[in-house]
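To keep things clear, I will list the structure first and then write my remarks on it.
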Amino acid sequence: ETSPPAEDYVFSLLYFAKLDYNMVQSIYQDDLKYLSKWWKDTEWGEKLSFPREKLMECFYWNVG
């Protein structure tokens, strides 16, 4: 059995963990938007025959 202060600590820790997760996800989404725009602007997919359209896969390999 946990004491009331310990339960408050766990609740606060969970709250901040969720907040941090959401902030990090927002940063990743912004990075992916920027990367997608860059990829489209360079037109490498159309200009070169060998690049693959695996932007998301490469992004998550680097993030993970």
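The values are calculated or read from the model by the stated rules, or taken from the named source; none is laboratory data. What you see is a predicted model; the values in this text were computed from it and never measured. When we count neighbours, we look across all protein chains shown, and the Cβ atoms used for this are built from the backbone with ideal geometry, even at glycine. These accessible areas exclude ligands, DNA and RNA; they are computed on the full protein's heavy atoms, side chains included. Shrake-Rupley method; radii C 1.70, N 1.55, O 1.52, S 1.80 Å.
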Residue tally, condition in contact with a helix residue (DSSP H, G or I) (Cβ under 6 Å, 6 or more places away or on another chain) and either part of a helix (DSSP H, G or I) or open to solvent by 100 Å² or more (accessible area, probe 1.4 Å) (or both), over the stretch 36-52: 1
So is ASP20 surrounded by 10 or more Cβ atoms within 10 Å (Cβ to Cβ) and among the acidic types (Asp, Glu) or not? yes
